[in-house]
1. If you build a Gaussian network model of the chain, linking Cα atoms that sit under 10 Å apart, which residue out of PRO115, PRO242, PRO358 swings the most?
2. With +1 on the Cβ of every Lys and Arg and -1 on the Cβ of every Asp and Glu, and nothing else charged, how large is the dipole of the chain about its Cα centre, in debye rounded to the nearest 20?
3. Based on a Kirkwood Rh over C-alpha pairs, give the Stokes-Einstein translational diffusion coefficient of segment 8-97 at 37 °C and viscosity 0.692 mPa s in µm²/s.
4. Highest GNM mean-square fluctuation, the chain, Cα pairs closer than 10 Å: which of ALA54, ALA127, ALA13?
5. Over the chain, one equal point on each Cα, no solvent: what is log10 I(q)/I(0) by the Debye formula at q = 0.09, 0.12 Å⁻¹?
6. Restricting things to alpha carbons, find the Rg to Rh ratio for segment 118-173 using the Kirkwood radius for Rh.
7. Hey, what does the equivalent ellipsoid look like for segment 131-213, semi-axes from the Cα gyration tensor as sqrt of 5 times each eigenvalue, largest first, whole Å?
8. Of the options ALA335, VAL166, GLY256, report the single residue whose Cα projects farthest towards the positive end of the charge dipole of the chain (beta-carbon charges: Lys, Arg +1; Asp, Glu -1).
Amino acid sequence: MHEFSPGLAGVPAAKSKISFVDGQAGVLEYRGIRIEELAHQSSFMETSYLLLYARLPTEAELDKFSADVSHHRRIKYRITDLIKCLPEHGHPMDALQAAVAALGMFYPARNVLDPEVQYWSTVRLIAKVPTIVAAYYRLRRGDEQIQPRDDLNHANNFLYMLTGKVPDPLIAKALDTCLILHAEHTMNASTFSGLVTASTLADPYTVVSSAIGTLKGPLHGGATEEVVEMLQEIGSLEHVRPYLEKKLAAKQRLMGFGHRIYKVKDPRAIILQGLARQLFAYYGRSALFELAEEVERGGEELLRHKGVHANVDFYSGVLYKTMGLDPDFFPAVFAMARVTGWLAHWLEQLKDNKLFRPDQIYEGIHGRPYVPLARRGVGEDALE
Ligand SMILES: CC(C)(COP(=O)(O)OP(=O)(O)OC[C@H]1O[C@@H](n2cnc3c(N)ncnc32)[C@H](O)[C@@H]1OP(=O)(O)O)[C@@H](O)C(=O)NCCC(=O)NCCS
């Protein structure tokens, strides 16, 4: 019997060559390449190819992959109808999970070991997730869905589907960088949950919908949303210090701070902060960003001694808000990026799949008698 580790902390669940994190040194690599290099020089399409196929593509390979994704952005009108039927106050992650599960009914992918099935379902999922997110964004406001444009790149097209306007290149580049930074992060909760589903040889749409459900929780993809809510609650620079002190004295957590793996500032937070600085130097000051930097300075002073620093979620919400997104859509943008990581792990696991079937430590009783209904007393047998 192995030792029990709550949350499976420290228990390897797979052997993987996809990404690497050194939480003490603040290093993140995708397929061996530092995240800083990818953020500054790559694109989300190229990074997706790298994660999925283990190497950087040639120009021709990248063109083909990008074109295949662009051609598969449209969603069936029945999926749009399904999204229209969802409540307007619903959570975008629930809409995304339902629509992705439904996608699988249109594109049967039962033979998951077939390379054609693997390639086209990967392309379809990366292509259609942004279309679903944008469709729900528009439809729940009572606006018409905007059809995707094949001539725009991934980030440009997503922002276009939200507003009907081709975005400013700097904004589109910022979103593309956010997608690169969120595309993959070793064995996190949503990847693990997708892999558990994948281990049953379920189709990739079911795998991704499982992962979306797991990403939704506030301890995972939901934190970005809560950072912006926290900043709005603080309101202004002079309230920062008292707010932080009160919160920590009450043993509450600062959202966007701390990480199970990183004990230094998350390298993705450093890149996002730089990106936000660049953006606001060009477009003009952002009170929300200035407030975020002040909160980070205060949080750093108060929590540094515990190895708690800003994480990836701290600045991404400020950027998404600047792009006009409602806070409850932030995790869905995270999912648009992470779909690549989930699928890379799915492809890797299929090469040597084994059904996940962990053990448990039984702590209940044995040999308990069955008491017929007529002889049971009130509250009897109310054992755990
Ligand atoms: C992500 C997270 C769950 C990781 O937690 P963890 O690795 O289990 O760390 P622990 O819960 O063991 O925390 C260690 C110490 O740091 C403190 N700490 C960790 N994160 C903190 C935070 N965000 N705010 C204040 N204190 C925090 C804990 O209170 C604990 O202090 P103690 O030793 O005095 O009790 C946690 O940092 C957190 O809840 N962060 C806020 C949510 C968030 O931003 N999530 C997104 C992660 S990318």
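Read-outs: derived from the displayed coordinates by stated rules, not from any lab. Because the structure is a prediction, the values reported are computed rather than measured. FYI the Cβ positions are ideal-geometry reconstructions off the backbone, even for glycines, and counts take in every protein chain you see.
1. Comparing PRO115, PRO242, PRO358 in the GNM, the peak value goes to PRO358.
2. Details: 43 positive and 46 negative charges, 95 e Å.
Computed about the Cα centre, the dipole is about 460 debye.
3. Values: Rh = 16.6 Å.
The Stokes-Einstein estimate is 198 µm²/s.
4. Greatest mean-square fluctuation among the candidates belongs to ALA13.
5. Values, matching the q order: -0.56, -0.95.
6. On the Cα set of segment 118-173, Rg over Rh gives 1.00.
7. Working: eigenvalues 164, 59, 21 Å².
Values for segment 131-213, descending: 29, 17, 10 Å.
8. Farthest towards the positive pole: ALA335.
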